[in-house]
Amino acid sequence: MVNGNGSVAIVTGAGSGIGRATAMRLAKAGHTVVLVGRTLAKLHETIRQVEDEMANPPRLAVQHMDITDPHAVDTLIDATVESFGHIDALVNVAGYASLKSVSEISPDAWRKTVDTNLSSVVYLTQAAWSHLARADNAIVVNVSSMASKEPFPGLGLYAAAKIGVNMLTKVTANEGKDKGIRAVAVAPGAVETPMLRDMFDTAMLPEDKTLTPDDVASLITACITGERSFEPGETIFLASP
């Protein structure tokens, strides 16, 4: 397990949705949290919300960057280790989806979907690997999707990328076992996030049929702290209501 009290967690997509909820939960559990995202204002809003809810929040840092750029990812990892000395948890939350039928898939849509959902996880895991191996029982948590099991029409491209995330999680667990690196994927159904509402309105998908970001963040945090057990490399599916 990875407890608070000085442990360092990197959370991508921390400016909204599941990423923000996870960053807030980890901060409340005492973790130093590095918040990563594309929109600086949203990252600072996450920090403001943490500070509003905690009298003495742990150390928080912002990394405004594009995680699909491997050079930027290397800089992120180097900066984290330089500032805090170690990395104990890597939480890959950032994602992107658009409704595209097979006949509508363009090379640009394919690259953006795969780069955001899968390539970034490869880059971050590889860059952090040696530091995770030096930590005590480090963990990589990858956010997948129920779509990787039951794709909604139009989400085939997204589902394909998330299937890759599931397999990469298994590979990470297998190769990390002897180095003390654990890995698990969390695959929720529909979650009430800006990304979801960019695709589906409430008439098509009512709010009472969706998970909250904190529902998912609670499971992620439980995997990190050891409150939720899992098989190495497991994908935990979390169904919507």
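Here is how the numbers come out for the structure above:
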item: Region 17-33, residues that are at negative phi and in a loop (DSSP other than H, G, I, E, B); result: 29, 31
item: Subset of region 214-241 [part of a helix (DSSP H, G or I) and out of contact with any strand residue (DSSP E or B) (no Cβ under 6 Å at 6 or more places or on another chain)]; result: 214, 215, 217, 218, 221, 222, 225
item: Only one of 30, 13, 19 that is small (Gly, Ala, Ser) and over 11 Å from the mean Cα position of the chain (by Cα); result: 30
item: Residue count for region 197-213, restricted to those that are part of a helix (DSSP H, G or I) and either under 20 Å from residue 11 (Cα atoms) or β-branched (Val, Ile, Thr) (or both); result: 1
item: Residue 111 vs. criteria over 20 Å from residue 153 (Cα atoms) and of a type in the set (D, E, K, R); result: no
item: Unique match (being touching a helix residue (DSSP H, G or I) at 6+ places or on another chain (Cβ under 7 Å) and over 26 Å from residue 188 (Cα atoms)) among 52, 78, 74; result: 74
item: Residues within region 52-98 that are crowded, with 23+ Cβ neighbours inside 10 Å, more than 29 Å from residue 147 (Cα to Cα) and in contact with a Ser or Thr (Cβ under 7 Å, 6 or more places away or on another chain), tallied; result: 1
item: Candidate set: region 1-48, residues that are of a type in the set (D, E, K, R) and over 20 Å from residue 222 (Cβ atoms); chosen: the one surrounded by the most Cβ atoms within 10 Å (Cβ to Cβ); result: 42
item: Residue match in region 103-121 (condition: crowded, with 24+ Cβ neighbours inside 10 Å, in a loop (DSSP other than H, G, I, E, B) and in contact (Cβ under 8 Å) with a residue 40 or more places away in the chain); result: no
item: Lone qualifier among 81, 50, 62, 36 - being over 15 Å from residue 213 (Cβ atoms), assigned to a helix (DSSP H, G or I) and not acidic (Asp, Glu); result: 81
item: Complete set of residues in region 123-147 that are surrounded by fewer than 18 Cβ atoms within 10 Å (Cβ to Cβ) and in a helix (DSSP H, G or I); result: 126, 130, 133, 134
item: Positions within region 166-192 being crowded, with 23+ Cβ neighbours inside 10 Å and in a helix (DSSP H, G or I), in sequence order; result: 169, 172
item: Answer from 238, 205 - the residue that is in contact with a helix residue (DSSP H, G or I) (Cβ under 8 Å, 6 or more places away or on another chain), among the hydrophobic types (A, V, I, L, M, F, W, C) and free of Cβ contacts under 8 Å to residues at least 24 places away in the same chain; result: 205
item: Residue in region 155-192 that is modelled with the lowest pLDDT, counting only those that are hydroxyl-bearing (Ser, Thr, Tyr) and more than 14 Å from the chain's Cα centre (by Cα); result: 158
item: Number of the exception - residue 143 against (1) touching a residue at least 60 places away in the same chain (Cβ under 8 Å); (2) under 18 Å from residue 166 (Cβ atoms); (3) out of contact with any helix residue (DSSP H, G or I) (no Cβ under 7 Å at 6 or more places or on another chain); result: (3)
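This table checks each residue for (1) more than 20 Å from residue 22 (Cα to Cα); (2) small (Gly, Ala, Ser).
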{"residue": "146", "(1), (2)": "no, no"}
{"residue": "160", "(1), (2)": "yes, yes"}
{"residue": "166", "(1), (2)": "no, no"}
{"residue": "176", "(1), (2)": "yes, yes"}
{"residue": "193", "(1), (2)": "no, no"}
{"residue": "212", "(1), (2)": "no, no"}
{"residue": "224", "(1), (2)": "no, no"}
{"residue": "240", "(1), (2)": "no, yes"}
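The values are calculated or read from the model by the stated rules, or taken from the named source; none is laboratory data. These figures come from a predicted structure and were not determined experimentally. Neighbour counts run over all protein chains shown; Cβ positions are idealised from the backbone, glycine included.
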